[in-house]
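What follows is a single structure, written as structure tokens, with notes after it.
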Amino acid sequence: MAEIRPKPQAVSEATEAQIAVHWREEEYYYPHAKFVGQANLTDPSIIERFSEKNYPECFREYADLLTWDKYWDKTLDTSDPPFWKWFVGGKINASYNCVDRHLDKYKNKAALIFVPEPESEATISVTYRELYVRVNEFAALLRDYCGLKAGDRVTIHMPMVPELPITMLACARLGVIHSVVFGGFSGEACGMRAADSQSHVLITMDGYYRNGKMLDHKAGADIALETAKKEGHVVNKVLVWRRHQGKNASATPFVKDRDVWVDEILPKYAGTIVPPVPMDAEAPLFLMYTSGSTGKPKGCQHRTGGYLSYVAGTSKYIQDIHPTDVYWCMADIGWITGHSYIVYGPLALAATSVLYEGVPTYPDAGRVWRIAERLDVNIFHTSPTAIRMLRKSGHDEPTKYKYHFKHMTTVGEPIEPEVWRWYHDVVGKGEAVIVDTWWQTENGGFLCSTKPAIDPMKPGSAGPGMPGIYPVIIDENGQEVSAGSNKAGNICIKNPWPGIMQTIWGDRDRFVTQYYAKYCKDRNSKRWQDWPYFAADGAVLAADGYFRILGRVDDVINVAGHRLGTKEIESACLTVPEVAEAAVVPVVDEIKGRVPEVYIALQPGIQPSQEIIDKVNKVIETMIGKIARPKHVHIVPDMPKTRSGKLMRRILAAISNNMKTGDITTLANPDVVEKVRELVQGKETVAVADGPEDLKRFGTEE
Ligand code: PRX
């Protein structure tokens, strides 16, 4: 029976990250017997095998899922904390593990099934044999035409097409470090990342379909190169894949000697076989840029051996992937979910991984379920935003289609129990098990989740730590918060794991300060126990050991499951000459979870106008991308500030979300709060809502 817990008393001296939380404890759901009967992981001894007493050797189990060129000497090297080294001395190639080694058994099996957005275009299956041929040919082009070699970086700005994983795997074959930038990011955002990673080659595509329209994607490459140049970096080659044979979806002219069509040079390498380069286990496999609490996105650098082991292990045991499954993760490969759980994890296990080009509700709310039925997808993986959108646009649509999922994932944001239940009852038809997987770009793979055939599900809770991951909640005073105390705190991971990033590309100091400085008691300590990883998420631990994630405690906004730094958006706003100050806060959105809302104060003597608002909107779109588009831009007379001049984003967030603003007497300019409130909400509105937990904490972690 679901239990209603009494609201705990607020503790007056509690800091903001410790605020007591309260909600209904949800009831457990148990996995279907049919699922358990076929699951990869049914033996509860995994908990013992991966317990602290068997750490770190327990992770051999994951590494042993792979084929190594040379077995490692040391599982974990902690001599230079927090720069952990995994499977030291080992040599391995990721491309070989995701492609070549499956040829004996599975060469005729589909590795990728590409579903174009227009329903009139046939799906394309790429068998493992074909993948092998295409990866080799493209690797030959990268090596011989572009002169790339192990350790070089390449920026990839591509849509969801099979050529994207082919490009990534070709890089991995050579040991070239790929940096995939989400296709929906603007050319400028791509250029900034290309400059930071010092990539001399950019790989893109002429165009792709989105919502029924063919978009000119290559145009972004020219902007990217200009931006990189302004940053002092020259990209000298642009490789352009073609979406439709014989056509050109881009109006942008090619720059001679710089831009080339891939399909014009690829035939030269037809049938070329490129031996996979045995890479050091610690050699970087890829960079993935993500937003943090400073203006500049940071390049999370992931290692080859540890990362691949971790995604293979979690794909097998948590995603329950068997080679016979048809697995569809609806994320974009341009995000970490796509890297780990569309490309590397599933392909390492010889799965069939589905790639969909377009918008889930195009041309109608039944599209996703038609694809699932037609391809007989049995594992489905998506985000709460997509689930909310599908629920709103077609509540009963799933019932019209004869697909059967055995397993479903939700990832990227907290899911409301009501939405979870729709996912379970309607999308999963009451048969599919659900895993709510909590993790981050920095982490490589899942950190908290239920083990699908072992642990019961609890709507809205991610579940316990993964095997070999020991999470803990720590309060602002460095004290561990106990299970069942109903107190929120900062979720941390006590131990290193193979999927954790190696460092921030080119910025070791920032890696330490961002993730470890907060709770490291002794910077000279060589014991991993002294270096808890700080995730910057608030969470609560229930008495049953299940973690419920509340959201970010820093100034990162999670929009539709994607991270945007408020400072990145604010920096964009400040490039508009009329803007003197900018503050960005999250506002609750029914579908996307949170979206940014912008507050700006103007330079002296400038009058507010729609034109300024339009300029702000436009600059955010060009510097970051449409994904960062604000819900509103408010021009305010002044910003609420502390006496020391600190901008109080939390108060603006409270106003935007119709929440109580709390104590404002300590502000330097308390009367501005009422003025801003009136401006945003109108005279009559009285803020009543207590508000979601993450918004109460917003901006408390600086
Ligand atoms: O706030 C957490 C939220 O997404 C953030 C990480 O975002 P990103 O690096 O883009 O990676 C997203 C996909 C792994 C986290 O700090 N988050 C992720 N998964 C969950 C979640 N919040 C609640 N529940 C989840 N399952």
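Observations, loosely collected:
- Rounded to the nearest whole angstrom, the semi-axes of the ellipsoid equivalent to the range 79-139, taken from the Cα gyration tensor as √(5λ), stand at 34, 17, 10, largest first.
- In sequence order, the range 29-44 has phi-based couplings of 10, 10, x, 5, 4, 4, 5, 4, x, 10, 5, 5, 10, 10, 8, x Hz under the Karplus curve 6.51 cos²θ - 1.76 cosθ + 1.60, θ = phi - 60°, and Gly or Pro positions carry x.
- Nonlocal amide H pairs with Thr503, under 5 Å, H built at 1.01 Å: Gln301
- Taking the Cα centre of the range 550-702 as reference, the dipole from Cβ charges on Lys and Arg (+1) and Asp and Glu (-1) amounts to some 180 debye.
- Rg/Rg_ref, the range 226-374, where Rg_ref = 2.2 N^0.38 Å and atoms are Cα: 1.30
- Of all DSSP-defined beta bridges confined to the chain, some 60% are antiparallel rather than parallel.
- Over all directions, the projected convex hull of the C-alpha atoms in the range 104-218 averages 7.8 nm² in area.
- Annotation: amide H-H contacts under 5 Å for Arg210 (H modelled 1.01 Å from N, sequence separation of 5 or more, or interchain): Leu215.
- Options Ala172, Pro162, Ile203, ranked by Cα towards positive dipole end of the range 136-234, top entry (Cβ charges): Ala172
- Here is the P(r) of the range 452-530: all C-alpha pair distances, binned every 5 Å from 0, give 3, 11, 18, 23, 19, 13, 8, 4, 1 in whole percents.
- Alpha-carbon Rg with Dmax, taken over the range 562-652, Å: 12.7, 39
- Remark: for residue pairs Lys592/Lys631; Lys296/Lys526; Lys592/Lys618; Lys402/Lys458; Lys53/Lys494, the C-alpha separation exceeds 23 Å in Lys296/Lys526; Lys402/Lys458.
- Modelled this way, with points 7 Å down the Cα-to-C-beta line, the labels at Gln681 and Glu57 are 6.0 nm from one another.
- Positive-end residue, the chain charge dipole about Cα centroid, Cβ charges, pick of Leu103, Pro608, Ile591: Leu103
- Binning all Cα-Cα separations of the range 201-276 at 5 Å, short to long from zero, yields these whole-percent fractions: 3, 14, 23, 21, 16, 12, 9, 2, 0.
- Fraction of antiparallel bridges per DSSP, the range 482-639 only, in percent to nearest 5: 90
- Taking the chain and dividing mean pair separation by its residue count, relative contact order in percent (alpha carbons under 8 Å, at least six apart): 14
- Beta bridges per DSSP with both ends in the range 560-702, % antiparallel, nearest 5: 75
- Extension gain from Lys392 to Gln603, taking 0.36 nm per residue of separation minus the Cα-Cα distance: 71.8 nm
- The alpha carbon convex hull volume per residue for the chain rounds to 162 Å³.
- Counting only lysines at least 8 places from Lys109 when in the same chain, there are none with an alpha carbon closer than 16 Å to its own.
- What the Cβ-Cβ distance of Thr123 and Glu231 gives, at R0 = 45 Å and to the nearest 0.05, is a FRET efficiency of 0.65.
- Protein accessible area in the chain, 1.4 Å probe - carbon and sulfur %: 52
- With all protein chains kept in place, the per residue accessible area of the chain amounts to 37 square angstrom at a probe of 1.4 angstrom.
- Model label sites at Glu48 and Leu574, defined 7 Å from Cα along the beta-carbon direction, differ in position by 5.7 nm.
- Each Cα pair under 8 Å and six or more residues apart adds its separation to the average, and for the range 288-369 the resulting relative contact order is 25 percent.
- Segment Lys268..Val255, full-extension length gain: 2.5 nm, with 0.36 nm per residue of separation and the alpha-carbon distance subtracted.
- Diffusion of the range 356-451 by Stokes-Einstein, at 25 °C in a medium of 0.890 mPa s and with Rh set to the Kirkwood radius over alpha-carbon pairs, works out to 179 µm²/s.
- Cα gyration tensor shape of the range 270-340, rounded if a/c is under 1.5, else prolate or oblate by comparing a/b with b/c: oblate
- Here the convex hull built on the C-alpha positions of the range 347-396 has a volume of 93 cubic angstrom per residue.
- Taking a sphere under 9 Å around the Cβ of Val161 and counting the other residues whose Cβ falls inside, with K and R at +1 and D and E at -1, yields a net charge of -1.
- Rounded to the nearest 20 debye, the dipole magnitude of the range 88-196 is 600 debye, with +1 charges on Lys and Arg beta carbons, -1 on Asp and Glu beta carbons, and the Cα centre as origin.
- Structure-based [θ]222 nm, the chain - -39500 (n - 2.57) summed over DSSP H runs of at least 4, per residue, nearest 500: -6500 deg cm²/dmol
- The range 127-141 residues near the modelled Lys107 label - backbone nitrogen below 18 Å, point 7 Å along Cα→Cβ: 127-137
- Relative contact order for the range 636-681: 46 percent, from Cα pairs under 8 Å spaced at least 6 residues apart, divided by residue count.
- Projecting the alpha carbon convex hull of the range 456-580 along each direction and taking the average yields 10.7 nm².
- 13 Å beta-carbon shell around Pro31, net charge (K/R +1, D/E -1): +1
- Net charge of neighbours whose Cβ lies under 9 Å from the Cβ of Thr290, counting Lys and Arg as +1 and Asp and Glu as -1: +1
- Positive dipole terminus of the range 72-155, leading residue within Trp84, Tyr132, Cys146 (C-beta point charges): Trp84
- The translational diffusion coefficient of the range 612-702, from Stokes-Einstein at 4 °C and 1.567 mPa s with a Kirkwood hydrodynamic radius over alpha carbon pairs, comes to 90 µm²/s.
- Charges were assigned to the Cβ only: +1 to each Lys and Arg, -1 to each Asp and Glu. The resulting dipole of the chain about its Cα centre is roughly 920 debye.
The values are calculated or read from the model by the stated rules, or taken from the named source; none is laboratory data. It should be emphasised that the depicted structure is a prediction, and the values quoted were computed from it without experimental measurement. Counting neighbours? That spans all protein chains shown, and the Cβs are built from the backbone with ideal geometry, glycine included. Ligands, DNA and RNA are stripped out before the accessible areas are found, and what is left, the full protein with its side chains, is counted by its heavy atoms. Shrake-Rupley method; radii C 1.70, N 1.55, O 1.52, S 1.80 Å.
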